[in-house]
Amino acid sequence: MTNDQLLEISTEIGLSLLENGAEIYRVEESISRILSAYGVVNADVFAVPTCIITTIVLKDGQTHTRMKRIMNRSTNLDIVSAMNNLSRELCKLKPEYDEAKKLVNQAKNRKRFSLPIQILGCVFIGSFFTIFFGGNFYDALVSLLCCVVLKFLLVVMDKFKTNMFFSYTVGSMAIAAIAFLFHYLGFSQNMDKVIIGSLMNLVPGVALTNSMRDIIAGDLVAGLTKFVEAIMIAVAIAVGTGVCVYLLKMFV
Amino acid sequence: MNTIIIFIATFLGCVGFSIMFNLRGKINLLASFGGVIGYAVFLLFSFTQNDIMQYFLATIAIEIYAEILARVFKQPVTIFLIVALLPLVPGGGIYYTMEYCINGNIGMFIEEGLHTFFIAGSLVGGIIVVSSVVRLIDRVKHHIHTTVKV
C-alpha cells in the first residue's frame, strides 16, 4: 500500500466513526493504530466533531497530510461497532489496498433498519416512557400518535437538511399540540406524562454522554462543543413545547 | 405488580432507543437490559431519600455493566452506555422547568431548573468516576505487562 492509499483508508475509517457518533479518542486512536500497524512511525491525528486532520512523516522527512471535513453527524452505533472491529482486523491482517477498501465500503454500507421499523422504535420509546413516567394506557396511546407524527416530521425535515435545532423545536411543538388536543378532548388524563414520554425521542442523552467521555479523555475542545450541543437541544425542546402549550392555553 | 410493569416499560423503551441507533440482535437486547439495571439500582437506593444520589449510583452501575459487556463482546463501551443511560436523562425536569417558566412561577422555575441541572451533573459525575478508574486500571495493567516483559 502506498502512503497516500494508507492515509485514505485510515482517514476514511476515522471519518465513518466520527460521523456515526464515536468518541474523539476512539477516532484518533483507530487512525494512529492502523498507521503504525502498516509501519508508519511518525503520525499525528487531530479530530474535532467537524473535521479530521491526519499527517504522516516519512523516513526521508517528507510529510503527507489528509484533511476531511464532516458535514453531517448522526448516531448509528452499528457502524461504530463495525468500524471498530474493522480497524482491529486491519491492524492484525494488514491487507492490501483493494481488499481494505472493499472492507471499508462493506462496513460503511451496512443495512439500516427500514422506515417502518424505525417508526416502531420511535413509538416504543414514546409509549413505554410515557408509562415509565407514570402515565396510563390511554396516555401511551396518545404518545404513540405523537411519535408517529414526530418521526414523519423529522424524516421530512432531514430530507431538506433543516437545521437540527429547528427541527427539534418543530417536533416538540407538534408533540405538545397533539398531547394538548387529546387532553382537551378528555381522552388522556396526564398531558405532561404524554409530552415527557414523547420528548424522550429528542432528549440530548447521546450528546451529554459523549461530551463527558471526550472531556475525560482530554479532548476538551470536542467535549465542550458537544456539551454546548446538548444544552442547545434542551433549550430547543423547552422552547418548542413551551411556546405551543402557552399559546394553546391562551386560546382555549 | 406496578413495579414489574415499569421495568418492562423501561426495557421496551430502551429497545426503542437501540432500534433508533441501529443496534441489532443480541447487542440490542443486552444494551436495553442495561437500562433495566440502572433503574433497578435507582429504586434500590430509594432509602437514601436523595434522588441526586440515586442517579449517581445508578449511573455508576450502568457504567460498570457497560465496561464489562464491552470487554466480553469486544465492542465499544459507548454502545451499551448511551442506550442504558437514556432512561435516566432528565426529560421530565426539562419539561417541568419550562412549564414553571411559562406560568411565571420564578421560584419553582429556579428550583426545578437547578434540580434538573444537578441530575445531569450526577450522571456526568458517575461517568467520570468509573471511566477514570477503568482507564487507571488499564494503564496499571499495561505498565505491569511491559515491565515484566523487559
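Computed from the coordinates by the stated procedures, all read-outs in this text should not be read as laboratory data. Predicted model, so just to flag it, every value in this text is computed and none were measured. In this analysis, Cβ positions are derived from the backbone assuming ideal geometry, glycine residues included, and neighbour counts consider all displayed protein chains.
Please give the helix B:2-20 orientation as an angle from the longest Cα principal axis of chain B, in degrees from 0 to 90, rounded to the nearest 10.
Tilt relative to chain B: about 70 degrees.
Contact order normalised by length for chain A, with contacts defined as Cα pairs under 8 Å and 6 or more residues apart; what percent is it?
On the way: 356 pairs, mean separation 43.4, N = 252.
Here the relative contact order equals 17 percent.
In Å and on Cα atoms, what radius of gyration and Dmax does the range A:118-158 show?
Cα-based Rg and Dmax for the range A:118-158 come out at 10.3, 32 Å.
Measure nothing but the geometry: give the 0 to 90° angle between the long axis through the Cα atoms of B:91-102 and the longest principal axis through the Cα atoms of chain B, rounded to 10°.
With rounding to tens, the tilt is 30 degrees.
Which whole-percent values make up P(r) of the range B:17-75 when all C-alpha to C-alpha distances are grouped in 10 Å steps starting at zero?
Per 10 Å bin, starting at zero, the Cα-Cα P(r) for the range B:17-75 comes out as 23, 45, 26, 7 percent.
What is chain B's relative contact order, in percent, from Cα pairs under 8 angstrom and six or more apart in sequence?
Values: 143 pairs, mean separation 34.5, N = 150.
For chain B, the relative contact order is 23 percent.
Can you tell me which of B:Ile82, B:Ile119, B:Ile128 moves the most in a GNM of chain B? Springs connect C-alpha atoms under 10 Å apart.
Looking only at B:Ile82, B:Ile119, B:Ile128, the biggest GNM fluctuation is shown by B:Ile128.
Most fluctuating residue of A:Leu93, A:Leu120, A:Leu150 in a GNM of chain A with Cα springs under 10 Å: which is it?
A:Leu93
How large is Rg/Rh for the range A:208-252, to two decimals, with Cα atoms and a Kirkwood Rh?
Using only Cα positions, Rg/Rh for the range A:208-252 is 1.33.
Taking the alpha-carbon distance from A:Lys68 and a cut-off under 29 Å, which lysines remain once sequence neighbours fewer than 8 residues away in the same chain are dropped?
A:Lys59, A:Lys92, A:Lys94, A:Lys101, A:Lys102, A:Lys108, A:Lys111, A:Lys159, A:Lys161, A:Lys226, B:Lys74
Working only with C-alpha atoms, what are the Rg and Dmax values of chain B, expressed in angstrom?
18.1, 69
Just to be sure I follow: if Rg is taken over the C-alpha atoms of the range B:3-48 and Rh is the Kirkwood radius over the same atoms, what is Rg/Rh?
On the way: Rg = 11.5 Å, Rh = 10.9 Å.
Expressed as Rg/Rh, it is 1.06.
Using only C-alpha atoms and all pairs of different ones, pull out the Kirkwood radius for the protein assembly as shown in Å with one decimal.
Values: mean 1/r = 0.0448 Å⁻¹.
The answer is 22.3 Å.
Tell me, what does the Kirkwood hydrodynamic radius of the range A:145-252 come to in angstroms if you use every pair of distinct C-alpha atoms?
Numbers: mean 1/r = 0.0675 Å⁻¹.
Taking the inverse mean of 1/r over all distinct Cα pairs, the range A:145-252 comes out at 14.8 Å.
Using the Cβ atoms and a cut-off under 15 Å, what net charge is assigned to the surroundings of A:Cys147, where Lys and Arg are +1 and Asp and Glu are -1?
+1
If I stretch the segment between B:Val148 and B:Met53 completely, what's the gain in nm (0.36 nm per residue apart, minus their alpha carbon distance), one decimal? Don't skip to the end; give the middle numbers.
Values: separation 95, 0.36 × 95 = 34.20 nm, distance 4.11 nm.
Result for the pair: 30.1 nm of gain on full extension.
Based only on Cα atoms, what Rg/Rh ratio does the range A:27-163 have, Rh being taken as Kirkwood's radius?
1.15
Counting each pair of different Cα atoms once, what's the Kirkwood radius of the range A:1-71 in Å, rounded to one decimal?
Working: mean 1/r = 0.0841 Å⁻¹.
About 11.9 Å for the range A:1-71.
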